Amino acid sequence: MKPMSKTRISMITGLRWVKHAMNVSNSGGMGTNVPQVSRELRKLGYEVLINQPERGFDILHIHNPLFASYFLACKTRGKKPLVIHARHIPELAKGGIVLGEFLYRPFKWYSKYFYGLADVVVCATPYVKKVLVKEGIESRMEVVPNGVNRSVFRSSEERRRMFRRKHGFAEDDFVVLSVGLTLPRKGVETFMAVARALERKESMKFLWVGSSEPFLQKVDLDDIPRNVLFLGHLPFSEIPAAYSGSDAFFFPTYAESYGNALFEAASCGKALIIRDIPIYEGLFTHGENCLKGKSVEDFSSHVSAIRDHKRLRNDLEKGSLEIAREHDMRECAVELARVYDGLMS
């Protein structure tokens with residue numbers, strides 16, 4: 001699929017503004033996803049610039065609801081096509097940003113006006129679209145998954161061995177991984193509670209990759225079970241090795257707009273254990289491509305079952321690879337291109 005002409009897309013993540021104001025080391029899922037999608041769009045013939053609106057554009061695509069983004073959207077509206085990506089929905093503020101519970105209602109009000117400016121709002125899941133429609137946002141909405149780069153996120157035996165050697169895991173250790181910011185919303189306390197419940201199981205290890213940032217709510221990490229390692233922030237280039245080095249992926253998050261790490265783990269063929277939350281209804285099926293749970297007891301049972309039953313683990317790994325194929329970033333870029341072409345026609 002090629003654009004009718006060299007359409008210039010200006011992607012705005014807002015990370016340049018955030019990094020200027022705060023000492024931020026982790027760009028989060030948006031910071032890694034947008035450059036990858038941009039590369040796929042360039043292969044389709046689009047010119048894509050990131051955080052350079054001053055260079056001009058045919059379409060403005062905003063990914064962050066910062067006030068600077070709002071003013072840029074107001075300036076653009078009615079003059080050039082405006083796409084806003086609904087990566088941040090109000091419920092993500094709870095257990096996320098500092099004072100998130102207090103800011104939830106103001107952000108809910110602000111979101112209605114912000115997303116209402118768009119010609120098209122891109123929603124990564126049907127759930128996000130449902131939430132925005134319920135909030136009374138009347139802009140046209142298109143569901144386009146963030147997608148996963150399957151050429152980057154693939155399992156490797158060599159990377160598995162190197163990662164385990166580097167971080168002190170034995171070959172017979174059963175390593176349960178989670179990747180994400182250490183936020184209350186991400187379910188860090190549940191992760192530790194499950195590890196503690198399984199502390200007596202020989203060779204059962206839990207690994208969390210990710211850190212916190214100055215403006216985010218903190219999790220108390222003073223009493224960490226002895227079978228848990230918080231590795232902190234890893235560069236994006238090292239994340240695939242972490243997936244390769246693990247045996248199962250545990251995603252106890254309470255709320256997401258997509259969950260890039262979940263699809264990255266799926267692309268690496270990991271058995272998935274996820275919290276049973278509305279966003280993943282219809283996307284993930286218990287017993288087919290994941291095991292779902294709601295309590296520490298559920299999750300502990302699922303982790304043990306995946307470790308102890310090889311056939312179950314193999315079936316879940318096959319299911320993971322299949323859902324990753326359905327969310328291949330190349331196909332998601334094609335869907336995004338259709339949105340752009342519709343705005344330019």
Past 31 Å, Cα to Cα, is the threshold; run Lys94/Lys310; Lys130/Lys270; Lys79/Lys186; Lys129/Lys201 against it and keep the listed order. Lys94/Lys310; Lys79/Lys186; Lys129/Lys201
Over the chain, calculate the relative contact order: mean separation of alpha carbon pairs under 8 Å at least 6 apart, over the residue count, as a percent. 18
Please state the shape class of segment 157-326: rounded when a/c is under 1.5, otherwise prolate if a/b exceeds b/c and oblate if not, all from the C-alpha gyration tensor. rounded
Length gain on complete extension for the stretch His286 to Ser139, per 0.36 nm per residue less the alpha carbon to alpha carbon distance? 49.6 nm
Give me the percent relative contact order of segment 186-319, please, defined on Cα pairs under 8 angstrom at least 6 residues apart. 23
DSSP loop GluC sites (Glu not before Pro) in segment 198-250 with at most 15 other Cβ atoms within 10 Å of their Cβ, which ones? Glu199, Glu202
I need the trypsin sites (Lys or Arg not before Pro) found in segment 187-247, filtered to DSSP loop residues with at most 10 other beta carbons within 10 Å of theirs. Arg200, Arg226
Net charge within 11 Å of Ser212 by Cβ-Cβ distance, Lys/Arg positive one each and Asp/Glu negative one each, not counting Ser212 itself? +1
Cα gyration tensor shape for segment 48-92, rounded if a/c is under 1.5, else prolate or oblate: prolate
When a footprinting reagent is the concern and you count Cβ atoms within 10 Å, what order do Met30, Met162, Met192 take, fewest first? Met162, Met30, Met192
Enumerate the calculated ³J(HN,Hα) couplings along segment 175-185 in order (Karplus 6.51 cos²θ - 1.76 cosθ + 1.60, θ = phi - 60°), each rounded to whole Hz, writing x wherever the residue is Gly or Pro. 9, 9, 10, 9, 10, x, 4, 7, 10, x, 4
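Computed from the coordinates by the stated procedures, all read-outs in this text should not be read as laboratory data. Worth saying up front: this structure is predicted, and the values here are computed from it rather than measured. Positions of Cβ are backbone-derived with ideal geometry, glycine not excepted, and every protein chain shown enters the neighbour counts.
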